[in-house]
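One structure below.
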Amino acid sequence: KSNITANVYYDHNANNIYDEGDEPANDYLLGLNEKVFISDKEGRVRYSNVPFGKYTVKPLQAGIWSFDQKEVEVNKFRTKLNIPLKRSGTLTGNIFYEAGTHSFDIIPRYEGFRFRIANADNSVVRTVVTDSSGNFITFLPNGVYTIRLDKNTLPEHTECKDFERILQIEAGKISNPEEFKIEVRERQINIKRFSN
């Protein structure tokens, strides 16, 4: 078995090395071997008596600092992990309603629309839900992501035809994709025509 020590730190210059200007990340949540750990005041996480094998290390908290999920091979009695946290980008978005003259009469609901956000290999996956104003926000590492509205969260008599976006997230920047349009369906109207 192995004793694992992970050093978690804020990698301000994004060079994957703990050097001048970087600092330990205390109270940071991460997952290892399906267990949850929190770093101490020196940015360290310790896990003892770990059987040899492959393990997944992943971040468990959303915020402006994060790291990419990775696989770790544990095959020595002492295993040291380097976990540099990099500044994330911010993703914000919102929904709006559009109705026509013959649309169903509905009371618009803005909260509870669920979105799934994932990168190409699904190593980073987030689920966000709109608030009472129809807005959502999350933090993501650099990369290209697909954001998709879960149609099961749409209110009755509505639809969203353009329910997916692809966008680039950059550290320290705010990305705001085009609004998601929720269309209220039209009622079926029967017209009777009379002639002489």
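Below 8 Å, C-alpha to C-alpha, sequence gap of six or more: please give me the relative contact order for region 29-166 in percent.
Normalised by residue count, the contact order of region 29-166 is 20 percent.
Carbon and sulfur together cover what percent of the accessible area of region 45-172 at a 1.4 Å probe radius?
Solvent-exposed carbon and sulfur of region 45-172 make up 48 percent of the total.
Are there trypsin sites (Lys or Arg not before Pro) in region 9-87 that DSSP puts in a loop and that have at most 14 other Cβ atoms within 10 Å, and which ones?
K41, K76
Ignoring ligands, DNA and RNA, what accessible area per residue does the chain give at 1.4 Å, in Å²?
Result: 63 Å² of accessible area for each residue.
Give, as a single signed number, the net charge of other residues whose beta carbon lies under 15 Å from the beta carbon of N13, with Lys and Arg counted +1 and Asp and Glu -1.
-3
Work through the residues other than I147 whose Cβ is under 10 Å from its Cβ and net out their charges, Lys, Arg +1 and Asp, Glu -1.
So the environment of I147 carries a net charge of +3.
Cα-Cα over 23 Å: which of K1/K35; K86/K181; K80/K173?
K86/K181; K80/K173
Give the value in nm², to one decimal: projected area of the alpha carbon convex hull of region 66-125, averaged over all directions.
So the mean shadow area of the Cα hull is 7.5 nm².
Which chymotrypsin sites (Phe, Trp or Tyr not before Pro) from region 93-143 combine a DSSP loop assignment with at most 15 other Cβ atoms within 10 Å?
F104
Quick one, which of (1) -0.20, -1.03, -1.29, -1.43; (2) -0.22, -1.02, -1.21, -1.29; (3) -0.32, -1.01, -1.15, -1.23 is the actual log10 I(q)/I(0) by the Debye sum over Cα atoms at q = 0.07, 0.16, 0.18, 0.19 Å⁻¹ calculated for this model?
From the options (1) -0.20, -1.03, -1.29, -1.43; (2) -0.22, -1.02, -1.21, -1.29; (3) -0.32, -1.01, -1.15, -1.23, the structure gives (3).
If the label point is 7 Å along Cα→Cβ of A14, which residues in region 107-146 have backbone nitrogen under 13 Å from it?
Zone members listed by number: 140-144.
Aspartates and glutamates within cross-link reach of K54: Cα-Cα under 20 Å, excluding same-chain residues under 8 positions apart?
Partners found: E34, D68, E71, E73, D121.
For region 32-87, state which chymotrypsin sites (Phe, Trp or Tyr not before Pro) are in a DSSP loop and have at most 14 other beta carbons lying within 10 Å of their beta carbon.
Qualifying residues, ordered by number: F52, F77.
Round to the nearest 10 and report in Å² the accessible area of T153, as given by a 1.4 Å probe over the protein chains' heavy atoms.
20
Rounded, prolate or oblate, given the Cα gyration tensor of region 80-196, with a/c below 1.5 counting as rounded?
Prolate.
The values are calculated or read from the model by the stated rules, or taken from the named source; none is laboratory data. Being a predicted model, the structure only gives us computed values, none of them experimental. Using ideal geometry, Cβ is built from the backbone for each residue, glycine included, and neighbour counts are taken over all protein chains shown. Ligands, DNA and RNA are stripped out before the accessible areas are found, and what is left, the full protein with its side chains, is counted by its heavy atoms. Shrake-Rupley method; radii C 1.70, N 1.55, O 1.52, S 1.80 Å.
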